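Only the coordinates and a few stated rules stand behind these numbers; no lab work does. What you see is a predicted model; the values in this text were computed from it and never measured. All Cβ positions, even for glycine, are placed from backbone atoms using ideal geometry, and neighbour counts span all protein chains on display.
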């Protein structure tokens with residue numbers, strides 16, 4: 001496989017009245033062309049900030065304070081805003097969670113579809129119009145020619161999300177970032193959108209970063225999974241290993257909190273406590289206040305990202321115990 005994206009030691013901070021606070025803490029990961037990497041975790045774990053850092057779309061008080069993001073041969077952290085504008089919607093594209101706020105309410109669907117084609121592909125308005133119709137057909141929108149003259153509010157939520165996908169894919173990007181694109185949709189439409197994205201990914205050969213908190217979606221679409229907690233990567237592995245052999249207590253907690261619809265009625269498992277705030281200083285492992293397996297070293301010393309296998313890593317001191325020949329406490333639970 002050919003490497004598409006390489007993120008190294010990325011740290012993203014926000015300027016606040018209390019100083020600069022880290023939202024993403026020294027994370028590193030990579031992905032290959034054609035691969036789907038799911039980033040999972042609770043709200044506040046740093047999933048969306050990681051994706052916005054890659055896109056260069058941080059809010060005004062956000063900044064990448066250190067690290068690098070390489071997309072193929074381009075170091076995105078060294079690009080000017082003008083250079084990033086040439087990449088966004090072209091080589092690099094994004095689908096947002098809520099299409100009603102992502103689409104411009106005062107511009108027609110046709111205008112918003114034509115714009116990236118005319119800017120990045122240098123098409124004429126007539127050529128862009130024909131391509132827009134073909135794009136809407138590709139994402140399963142009926143009567144696409146009529147839809148070009150409509151406004152976002154005239155379409156259903158599922159149709160708006162399909163329009164967002166068609167805009168994101170208009171210039172056939174090499175990397176698509178999807179930030180919880182199906183959260184606001186009902187399960188039937190969600191399944192249709194996921195199937196559509198997988199079909200288009202196979203057709204175009206693009207890499208996909210899919211940000212979600214839904215482990216059911218992860219099981220369906222992921223090749224690899226990166227679990228984040230409090231701005232850090234705590235586990236990363238192929239999707240089978242994450243579901244069948246989770247090595248971090250937080251990952252296990254996320255999986256245990258998914259209801260078993262086929263089993264008997266039972267109490268819903270939850271991870272006790274809550275995500276720490278950005279300004280909350282925690283010594284040792286940032287998950288230890290909520291961890292049922294925490295020991296003294298967890299409270300005193302930050303764990304490294306241990307290698308479980310060549311394709312599986314876990315940021316947990318229990319992994320050191322396991323590598324010393326003792327069974328992991330998670331596996332015994």
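Some notes on this structure:
- Calculated Cα extents along the principal axes in Å (choose from [x] 121, 42, 40; [y] 67, 50, 42; [z] 97, 44, 29), label: [y]
- The stretch 102-170: equivalent-ellipsoid semi-axes (sqrt of 5 x gyration tensor eigenvalues, Cα, Å): 17, 12, 11
- Taking every C-alpha pair closer than 8 Å and separated by at least 6 residues, the mean separation divided by the residue count of the chain gives a relative contact order of 19 percent.
- Label-to-label distance, residue 183 versus residue 16, with points set 7 angstrom from Cα along the beta-carbon direction: 1.9 nm.
- Cα shape, the stretch 206-311, gyration tensor, a/c 1.5 rule: oblate
- Of all beta bridges that DSSP places with both ends in the chain, some 60 percent have antiparallel geometry.
- With 0.36 nm allotted per residue and the present C-alpha distance subtracted, the residue 126-residue 6 stretch has 39.4 nm of extension available.
- Pairwise centroid distance, computed over Cα atoms, of the stretch 41-118 with the stretch 12-40, Å: 14 Å
- FRET E, pair residue 80, residue 199, Förster distance 45 Å, beta-carbon r, rounded to 0.05: 0.80
- Only DSSP H runs of four or more residues enter the estimate; each adds -39500 (n - 2.57), and after division by the residues of the chain the mean residue ellipticity at 222 nm equals -9500 deg cm²/dmol.
- The stretch between residue 256 and residue 300, if pulled fully straight at 0.36 nm per residue, gains 13.1 nm over its current Cα-Cα span.
- To the nearest ten degrees, helix 109-120 and the longest principal axis of the Cα atoms of the chain are 80 degrees apart.
- Alpha-carbon Rg with Dmax, taken over the stretch 183-252, Å: 13.3, 37
- For 36, 202, order by how many other beta-carbon atoms lie within 10 Å, fewest first: 202, 36
- By the equivalent-ellipsoid construction on the alpha carbon gyration tensor, the stretch 34-110 comes out with semi-axes of 22, 18, 14 Å, ordered largest to smallest.
- The calculated pair-distance distribution of the stretch 16-144 uses every alpha carbon pair, bins of 10 angstrom beginning at 0, and gives 9, 33, 34, 20, 4, 0 percent.
- Once the Cα atoms are used to define both axes, helix 125-138 deviates from the longest principal axis of the chain by about 50 degrees.
- With respect to the chain, whose longest principal axis is taken over its alpha-carbon atoms, helix 157-169 is tilted by about 90°.
- Value of relative contact order over the stretch 126-270, rounded to a whole percent, pairs C-alpha under 8 Å and six or more apart: 14 percent
- Take each peptide in 42-48, 244-250, 190-196, count the other Cβ atoms within 10 Å of every residue, and average; sorted highest first, the result is 244-250, 42-48, 190-196.
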